[in-house]
Amino acid sequence: MESGFEELEQKVRSAAQLVRRLRDENQKLTDEVEQVRGELEQAEERLASLKKEKDAAARQTKAAGQLQREVQGLRDEREQVRTRIAKLVELLEELE
């Protein structure tokens, strides 16, 4: 009978150790989950910020392209004006 009681006592101790170990692991995992959730939240905020920056950069790129086309148009127009003025100067020189 004593042997059976000792065996039961050992099983209870083992079960108690297992419960303590599992509680510790559970707490560690809970802490880790909280940490990862915090990191996830920060990553999502950073992603949202990067998306805004990307959208702003896309708008700036579009505006820069429009400005580049406008500048090229003005350069073409300036060249046409120069050509006309050169022709007018030639006509004036012929008149003299």
**OP:** Show which aspartates and glutamates lie in cross-link reach of K11 when reach means a straight Cα distance below 18 angstrom and same-chain residues fewer than eight apart are skipped.
**Re:** E2
Original post:
Projected onto the charge dipole of the range 1-56 (+1 at Lys/Arg Cβ, -1 at Asp/Glu Cβ, origin at the Cα centre), which of L8, Q42, L29 gives the Cα projection farthest towards the positive end?
Top reply: Q42
Subject >> Label-point gap, in nm, between R21 and T83 - each point 7 angstrom along Cα→Cβ >> reply: 9.0 nm
**OP:** Would you mind classifying the chain by shape? Square roots of the alpha carbon gyration tensor eigenvalues, ordered a ≥ b ≥ c; an a/c under 1.5 is rounded, otherwise it is prolate if a/b is larger than b/c and oblate if not.
**Re:** prolate
Subject >> All lysines inside 16 Å of K54 as judged from Cα atoms, apart from same-chain residues fewer than 8 positions distant >> reply: K62
Subject >> Cα shape, the range 1-53, gyration tensor, a/c 1.5 rule >> reply: prolate
Original post:
Per residue of the chain, what 222 nm ellipticity follows from adding -39500 (n - 2.57) for every DSSP H run with n ≥ 4, rounded to the nearest 500?
Top reply: -37500 deg cm²/dmol
**OP:** Starting from the Cα-Cα distance between Q35 and K51, subtract it from 0.36 nm times their residue separation and give me the gain in nm to one decimal.
**Re:** 3.3 nm
Subject >> Net charge of neighbours whose Cβ lies under 11 Å from the Cβ of E44, counting Lys and Arg as +1 and Asp and Glu as -1 >> reply: 0
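Here, each number is a calculation from the coordinates, and none is a lab measurement. The model shown is predicted, which means the values in this text are computed figures rather than measured ones. Positions of Cβ are generated from backbone atoms using ideal geometry, with glycine treated the same way; all protein chains shown enter the neighbour counts.
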